[in-house]
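The values are calculated or read from the model by the stated rules, or taken from the named source; none is laboratory data. These numbers come from a predicted model, not from an experiment. Cβ sites come from the backbone with ideal geometry, for glycine too, and all protein chains shown count toward neighbours.
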Amino acid sequence: MHVRTTTLRADVAKIDEGIAHVRDQVRPAVTQIDGCIGMSMLVDRETGRSIAATAWESEEAMQGSAQTVQPMRDEAVEGFGAGSSDVDAWEVAVVHRDHAAPDGACARITWFSGDPNLADRAIDIYRMGVLPRIQELPGFCSASLMVNRETGRAVGTVVFEAREHLEASRESANRIREAASRETAATIDEVAEFDVAFAHLHVPEMA
């Protein structure tokens, strides 16, 4: 499984308009492309930062969709009032879903960077050491880890039922994150929190 993420900085006044366009126009179109198995979107309503993710059955399907998806991306960027977007490709390494994210769900994303040669070790540590602790946090919905084996980058996402659960988990999540960073010899590049605009990624369990 592979995921393409598109990150943009929206005009905060146009976030709802942009979400509606992506949900009602882009998602139905992109999910009709061969190999696409779903789409989700996260937004930060204070900064305008928004991340759209499309999931693909294979790397070949993801790469083959690039030209078809480009006009959709351009329309979405315009709809959000953003000047540009950043696109990244990831291999899905771990997915565990306790239950679907309800309305009002929130997500915390952590970006890491490390030695590309240690990707498999980092995945094992996440699966066996990090995930069991994360899923015990109140309000836990799901967690995933995606990696880029060429660059050594990784991104972990945890979804909670509500903002109150996200906020209450910060201290525990920080301890888990710091321990994982030490064990994997990875650098924590950034941690950010988002509202879940919609979640229809449909990536199967990979825990």
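Being at pLDDT 95 or above, of a type in the set (Gly, Ala, Ser) and surrounded by 19 or more Cβ atoms within 10 Å (Cβ to Cβ) is true for just one of SER113, SER144. Which residue is that?
Selected residue: SER144, the only one of SER113, SER144 that is at pLDDT 95 or above, of a type in the set (Gly, Ala, Ser) and surrounded by 19 or more Cβ atoms within 10 Å (Cβ to Cβ).
Across segment 44-101, what is the number of residues that are aliphatic (A, V, I, L, M), within 17 Å of VAL12 (Cβ to Cβ) and at pLDDT below 95?
3
Those residues that are over 30 Å from ARG45 (Cβ atoms) and among the charged types (D, E, K, R), I need them from segment 99-135; list them, please.
ASP115, ASP120, ARG121, ASP124, ARG127, listed by residue number.
Limited to segment 6-28, what total is found for residues that are under 15 Å from ARG73 (Cα atoms), exposed (fewer than 15 other Cβ atoms within 10 Å of the Cβ) and of a type outside the set (Asp, Glu)?
Count: 3.
Could you pull out the residue among ALA100, ALA105 that is in contact with a Phe, Trp or Tyr (Cβ under 7 Å, 6 or more places away or on another chain), under 30 Å from GLU171 (Cβ atoms) and in contact (Cβ under 8 Å) with a residue 40 or more places away in the chain?
Exactly one of ALA100, ALA105 is in contact with a Phe, Trp or Tyr (Cβ under 7 Å, 6 or more places away or on another chain), under 30 Å from GLU171 (Cβ atoms) and in contact (Cβ under 8 Å) with a residue 40 or more places away in the chain, namely ALA105.
Scan ALA154, ALA93 and give me the residue that is touching a residue at least 12 places away in the same chain (Cβ under 8 Å), touching a Lys or Arg at 6+ places or on another chain (Cβ under 9 Å), more than 21 Å from ALA197 (Cα to Cα) and surrounded by 16 or more Cβ atoms within 10 Å (Cβ to Cβ).
It is ALA93.
Among the numbered criteria (1) in contact with a helix residue (DSSP H, G or I) (Cβ under 9 Å, 6 or more places away or on another chain); (2) surrounded by fewer than 16 Cβ atoms within 10 Å (Cβ to Cβ), which single criterion is violated by HIS99?
Exception for HIS99: condition (1).
List the residue pairs whose Cβ atoms are under 7 Å apart, where the first residue sits in segment 166-185 and is under 12 Å from ARG108 (Cβ atoms), the second is among the charged types (D, E, K, R), and the two are 6 or more positions apart or on different chains.
That search, which allows pairs on different chains as well, returns LEU166/ARG108; LEU166/GLU193; ALA173/ARG108; ILE176/ARG133.
Looking at ALA61, ALA107, can you tell me which residue is closer than 25 Å to ALA154 by Cα and crowded, with 20+ Cβ neighbours inside 10 Å?
ALA107
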